[in-house]
Amino acid sequence: MSLESAGAIATALAVTCLVLIPLGSSRVWDQSMRHPERSVLREAGWTRSLLTWECVRVAAIICGLTVASAVGATPLGLIGALVPSIVARTLAARRRDERARQTIALLQMTLAGLRSGAGLTEALRLASASGPEVDFGPFAAALRAFDLGAPLDAALRDARGRTRDHRLIVGLDALSLCVAEQLPASRCVTLIASTIDRLLFEQRIIDDVRARTSGLRLQIVLLAALVPGLALYLALTVPGMAETLATPLGRFVLLPVAAILEVIGILASRRVAGDVG
């Protein structure tokens, strides 16, 4: 790494630190700014402050600049800023799917408790206590609010407002309706059973579509790797192209623009495939 690159990285780090100093503690950061990835980080399981998260992003940028400067394409290192967001969104999607599957299991256990003669609150409490908090968090949070004196239907509606997953919302709505309307046990069993059937049907459709689109996801990866592979092959076999990429135009314009378009294409393609699957 050249002396100029090291100085640029040190300057970027110093400027970042100067910007973060006025924010003070992480509480000031959390209260003064509405972070666009707050909900994503919560779903991904991030338990530290948002200031720490941005420090991780700065570290990723510095690592990206260091690696990129080693190959003579320093601007490409700015792509490192996207790496933490991509990781967080991937983890959030996986945990969201896992929680949705566990919601079906919780409703099934609640239904079994109702059929055994327990009340709805007691059946829900036993079902929530049988799984880890990360899976049954919205239901366990509603029960904690209920223990503190809040109406159970209001607690379930509040938990509904803090989740974006459709399947969790359906389960919370069903339980909230049972409590708000004071339905008898037989009606609660019928409503929860129909909700479970609906969620199982949707889950089977999602799994089937996801299996059918697995080939499309593989094609996205192959097509994304094809263009950089061809560029590397031509750079090694065609001297004129290697010389063009080694010029300031290639290093500071062509390669950064190509990398940005590559990342945008991958994210857009995965978004389409994710919406289908």
Pick from the stretch 198-231, criterion among the aliphatic types (A, V, I, L, M) and touching a helix residue (DSSP H, G or I) at 6+ places or on another chain (Cβ under 6 Å), ranking: surrounded by the most Cβ atoms within 10 Å (Cβ to Cβ): Leu199
Which listed residue, of Leu20, Leu91, is modelled with pLDDT of 80 or more and in contact with a helix residue (DSSP H, G or I) (Cβ under 9 Å, 6 or more places away or on another chain): Leu91
Restricting the stretch 23-52 to residues that are of a type in the set (Lys, Arg) and surrounded by 10 or more Cβ atoms within 10 Å (Cβ to Cβ), which is modelled with the lowest pLDDT? Arg27
Of all residues in the stretch 77-108 being closer than 30 Å to Gly119 by Cα and free of Cβ contacts under 8 Å to residues at least 40 places away in the same chain, the one that is surrounded by the most Cβ atoms within 10 Å (Cβ to Cβ): Gln102
Taking the stretch 202-216 as the search range and keeping residues that are more than 19 Å from Glu98 (Cβ to Cβ) and part of a helix (DSSP H, G or I), which one is nearest to the chain's Cα centre (by Cα)? Leu216
Given the conditions (1) free of Cβ contacts under 8 Å to residues at least 60 places away in the same chain; (2) over 24 Å from Glu262 (Cα atoms); (3) more than 24 Å from the chain's Cα centre (by Cα), every one holds for Ala185 apart from (1)
Exactly one of these conditions fails for Val170: (1) exposed (fewer than 13 other Cβ atoms within 10 Å of the Cβ); (2) closer than 30 Å to Leu267 by Cβ; (3) at pLDDT 85 or above. Give me its number. (1)
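The values are calculated or read from the model by the stated rules, or taken from the named source; none is laboratory data. Remember, predicted model here, so these are calculated numbers, not experimental data. Using ideal geometry, Cβ is built from the backbone for each residue, glycine included, and neighbour counts are taken over all protein chains shown.
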